[in-house]
Amino acid sequence: MLTDKMHQALNDQLQAEFFSAYLYLSMAAYFEDEGLEGMANWMTIQFQEEQTHAMKFYRYIIERGGRVELQALEKPQKDWPSPLAVFEEAFEHEKMISGRINDLAELAIAEKDHATHNMLQWFIAEQVEEEAAVDTIVNQLKMVGDQGHGLFMIDREMRGRTFVDETQGE
Ligand code: OFO
């Protein structure tokens with residue numbers, strides 16, 4: 001049984017994961033509009049991944065006898081000044097999510113909820129990967145600067161990303 005605090009915090013994180021999905025879909029739409037298909041593909045897969053994160057919390061709340069309560073999502077940003085600005089924001093967003101996951105893990109310890117603490121270990125490891133992946137792209141974009149050719153190369157490489165549901169098969 002989840003404590004009230006843990007129950008609320010997990011529902012809040014479910015909303016945060018869906019907002020992440022929403023934000024990345026908005027970023028994908030921006031890239032579609034800019035004609036950067038690879039980056040649009042990368043963000044669309046990020047959108048799919050975030051939904052699997054949300055659903056992992058959804059399933060977990062139910063498994064622990066809790067009640068899922070979906071909350072309103074705010075309107076995500078629509079435009080950015082450059083591809084670099086998009087990925088810089090994605091990086092800041094992932095750091096914020098890592099902070100939230102760490103806070104959840106601390107709450108789980110405070111509430112003596114070892115099962116939730118254990119479940120959160122998956123997210124702690126995932127956040128390391130997410131931050132590193134976005135940071136790499138930020139650095140690549142900084143390296144190429146305004147060079148159209150470099151941007152084209154990065155975009156082309158990002159067309160190859162495919163979706164894998166990493167929450168399955170644990
Ligand atoms: Fe981007 O990892 Fe979930 O939110």
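Do we find that ASP103 is part of a helix (DSSP H, G or I), loosely packed, with under 13 Cβ neighbours inside 10 Å, within 21 Å of the chain's Cα centre (by Cα) and charged (D, E, K, R) in this structure? Criteria met by ASP103. Across segment 107-128, a minimum of one residue is classified as out of contact with any helix residue (DSSP H, G or I) (no Cβ under 6 Å at 6 or more places or on another chain), aromatic (Phe, Trp, Tyr) and assigned to a helix (DSSP H, G or I). Of the residues examined, GLY38 is not one that is at positive phi and either surrounded by fewer than 17 Cβ atoms within 10 Å (Cβ to Cβ) or assigned to a helix (DSSP H, G or I) (or both).
So if I check each of GLN8, GLN77, GLN48, which one is outside any loop (DSSP other than H, G, I, E, B) and within 17 Å of the chain's Cα centre (by Cα)? Just one listed residue meets the conditions, GLN48.
Residues in segment 5-44 that are among the aromatic types (Phe, Trp, Tyr), over 29 Å from MET119 (Cβ atoms) and out of contact with any Pro (no Cβ under 8 Å at 6 or more places or on another chain): TYR30 alone. Take the conditions (1) aliphatic (A, V, I, L, M); (2) more than 15 Å from the ligand (Cβ to nearest atom); (3) within 16 Å of the chain's Cα centre (by Cα); (4) under 20 Å from TRP122 (Cα atoms); MET39 misses just one of them, which is (4).
Selection over segment 133-159 of residues that are within 16 Å of the ligand (Cβ to nearest atom) and loosely packed, with under 11 Cβ neighbours inside 10 Å gives a count of 0. Filtered by the rule that a residue be within 17 Å of GLU34 (Cα to Cα) and among the hydrophobic types (A, V, I, L, M, F, W, C), segment 125-170 gives LEU141, LEU151, PHE152, MET153, ILE154, MET158. Within segment 12-33, the set of residues being surrounded by fewer than 18 Cβ atoms within 10 Å (Cβ to Cβ) and of a type in the set (Phe, Trp, Tyr) comprises TYR22 only.
Sub-6 Å Cβ pairs linking a first residue in segment 12-27 that is in a helix (DSSP H, G or I) to a second residue that is of a type in the set (Phe, Trp, Tyr) and within 11 Å of the ligand (Cβ to nearest atom), at least 6 apart or interchain, are GLN13/PHE57; LEU14/PHE57; ALA21/PHE47; TYR24/PHE47; LEU25/PHE47, ordered by first then second residue.
For residues that are polar (S, T, N, Q) and more than 29 Å from GLN147 (Cα to Cα), scanning just segment 57-103, find the one that is nearest to the ligand (Cβ to nearest atom). The selected residue is SER98.
Within segment 83-95, residues that are free of Cβ contacts under 8 Å to residues at least 24 places away in the same chain reach no partner that is within 13 Å of the ligand (Cβ to nearest atom) with beta carbons closer than 7 Å at six or more positions or on different chains.
Just so you know, all these numbers are worked out from the coordinates, no wet-lab data involved. As the structure is a prediction and not an experimental result, all values here were calculated from the model. Here Cβ is always computed from backbone atoms with ideal geometry, including for glycine, and neighbour counts include all displayed protein chains.
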